[in-house]
Amino acid sequence: MVAANQQIGRYTLLRRLASGGMGEVYLAKSAGAANFSKQVAIKCILPHLAQNQDVVQKFIDEANLMVQLHHGSLVPVIELFQANLQFYLVMEYVPGRDLKSVLRTLKRKKIFMPASVALWVVKLLCEALGYAHHKTDSNGDSLNIIHRDVSPSNVILGAAGEVKLLDF
């Protein structure tokens, strides 16, 4: 587990945003020249899996794949770096909530998501998936990208109205 306020490379971890089966995601702050600062999301492999070469290779493959994807409804990857014998994936931080927590809150309050909002979210996700599925390399050959975990926890509803898909 990574501690808050821990320095990793040029990033300071602020707090954990999420944890899943293979990794954790942290809100972090990058440090730059002239007091430049930017919030980012940093994903790392869970400690008990960090020595598993298959898991590490999947993590690296995900980073190499995601860095090639440039679409408004996909979370951009900034970099992959290694520190303390661990790999870290740096992504754009999208302030907001994941769709799973939004749906849980709506259910608890016994409120339905308006159909127009649900259709808008699905439309943007379909556009992002279509883009990824049709993505080709520089030779025009298909990258054969299939998102294997399209789930509410992998959809971020941004505070500014964005819909962003994560975790390829």
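The values are calculated or read from the model by the stated rules, or taken from the named source; none is laboratory data. Keep in mind it's a predicted model, so treat the numbers as computed, not measured. Positions of Cβ are backbone-derived with ideal geometry, glycine not excepted, and every protein chain shown enters the neighbour counts. Just the protein is used for accessible areas: all its heavy atoms, side chains included, with ligands, DNA and RNA removed. Shrake-Rupley method; radii C 1.70, N 1.55, O 1.52, S 1.80 Å.
What the table shows:
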{"item": "Evaluation of Val163 against (1) surrounded by fewer than 18 Cβ atoms within 10 Å (Cβ to Cβ); (2) in contact with a strand residue (DSSP E or B) (Cβ under 9 Å, 6 or more places away or on another chain); (3) hydrophobic (A, V, I, L, M, F, W, C) (one fails), failing number", "result": "(1)"}
{"item": "Per-region count, the stretch 110-128, residues under 25 Å from the mean Cα position of the chain (by Cα), open to solvent by 70 Å² or more (accessible area, probe 1.4 Å) and among the aliphatic types (A, V, I, L, M)", "result": "2"}
{"item": "Residue in the stretch 76-94 that is farther than 21 Å from Ser30 by Cα and not small (Gly, Ala, Ser) present", "result": "no"}
{"item": "Set Leu143, Leu119, Leu106: member being touching a Phe, Trp or Tyr at 6+ places or on another chain (Cβ under 9 Å) and over 23 Å from Cys44 (Cα atoms)", "result": "Leu106"}
{"item": "Filter result for Leu49 (over 27 Å from Lys135 (Cα atoms), open to solvent by 20 Å² or more (accessible area, probe 1.4 Å), modelled with pLDDT of 95 or more and touching a helix residue (DSSP H, G or I) at 6+ places or on another chain (Cβ under 7 Å))", "result": "no"}
{"item": "Members of the stretch 146-168 that are at pLDDT below 90 and β-branched (Val, Ile, Thr)", "result": "Ile146"}
{"item": "Some residue of the stretch 101-111 being of a type in the set (Lys, Arg), at positive phi and modelled with pLDDT of 95 or more", "result": "yes"}
{"item": "Subset of the stretch 133-160 [more than 30 Å from Leu106 (Cα to Cα) and surrounded by 11 or more Cβ atoms within 10 Å (Cβ to Cβ)]", "result": "His133, Lys135, Thr136, Leu143, Ile145"}
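So that you can scan it fast, the table gives a plain yes or no per residue for (1) surrounded by 18 or more Cβ atoms within 10 Å (Cβ to Cβ); (2) touching a residue at least 60 places away in the same chain (Cβ under 8 Å):
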{"residue": "Ser37", "(1), (2)": "no, no"}
{"residue": "Ile42", "(1), (2)": "yes, no"}
{"residue": "Val55", "(1), (2)": "no, no"}
{"residue": "Ile60", "(1), (2)": "no, no"}
{"residue": "Met66", "(1), (2)": "yes, yes"}
{"residue": "Leu74", "(1), (2)": "yes, yes"}
{"residue": "Leu99", "(1), (2)": "yes, no"}
{"residue": "Arg104", "(1), (2)": "no, no"}
